[in-house]
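The values are calculated or read from the model by the stated rules, or taken from the named source; none is laboratory data. All of these numbers come straight from a predicted model, not from anything done at the bench. When we count neighbours, we look across all protein chains shown, and the Cβ atoms used for this are built from the backbone with ideal geometry, even at glycine.
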Amino acid sequence: MAIGLSVLISVVSVAETNAQVLNEILRRMDVNNKALQSLTASLTMVKTNTQLNVSDTTTGTTSYLPKSKLTGGKLYIRIDWTRPVEEQISVIGDAYELYRPRLNQVIVGKTNNAKNNASVGGALGFMSMSKEQLRANYDVVYIGEEGINGGVTTWHLQLTPKTPQSYKIADLWVDGDGMPRQAKVTEQNNDTTTVLLSNIQKNGTIQTKIFKLNYPGSVKKIKA
């Protein structure tokens, strides 16, 4: 009985500690979110097809403006992929454009339904969520401390949507300043998209006009 009680107290103690750590992580994310006026970074995306056990890696750069009065309450994201092929993505609010120069086409659609390289906008969208939004929309669990590529030590959080989504689980890796450094979205079929931020520069001047993609008038527009 004494042994059983000791184990129970230990389990309760660990649960309380994890809850305290989670609260502190979310607090720091809130502070970072409120202080973040803009961001530029290098971007690496790894998409894994679990059925074929095949992964594709894409690299590029991103510019980001969170929702604010200056942006009319809209989220702004621009991504310029450079490898293995050149593509440009603009996300304004919940709408996106994906420009593929080699195919002379632009795909337009909503971020909730985005596929392929455009789905990265949804992953980056977690950066703009407040503590209240995260708790309202997800069951949030603290997994533990983990290192990610680049040697950054992070806290790993797992988010399970409280209402049906196009994905079943999202994972976030958050640094000591409360900045999400990596996001992983697991779809219903277990395929995953992992997005890693590096070379982060915060609160530089970024004008909203850079989020308007420039492409020729002859481009073919396709509705997603």
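When L8 is tested against (1) assigned to a helix (DSSP H, G or I); (2) modelled with pLDDT under 85; (3) within 22 Å of the chain's Cα centre (by Cα), just one condition goes unmet, and that condition is (3). Of all residues in the stretch 127-163, exactly one satisfies the criterion of being free of Cβ contacts under 8 Å to residues at least 24 places away in the same chain, assigned to a helix (DSSP H, G or I) and under 15 Å from the mean Cα position of the chain (by Cα), namely Q133.
So, in the stretch 66-87, how many residues would count as being in contact with a strand residue (DSSP E or B) (Cβ under 6 Å, 6 or more places away or on another chain) and touching a residue at least 60 places away in the same chain (Cβ under 8 Å)? So the count comes out to 4. Identify all residues within the stretch 21-46 that are over 24 Å from Y142 (Cα atoms) and not polar (S, T, N, Q); write none if there are none. Within the stretch 21-46, L39, A41, L43 qualify. Number of residues in the stretch 58-109 that are hydrophobic (A, V, I, L, M, F, W, C), within 19 Å of K47 (Cα to Cα) and part of a loop (DSSP other than H, G, I, E, B) equals 1.
Count of the stretch 175-205 residues, restricted to those that are buried (at least 18 other Cβ atoms within 10 Å of the Cβ) and assigned to a loop (DSSP other than H, G, I, E, B), is 3. Filtering the stretch 157-181 to residues that are out of contact with any helix residue (DSSP H, G or I) (no Cβ under 8 Å at 6 or more places or on another chain) and under 15 Å from Q133 (Cα atoms) leaves Q158, T160.
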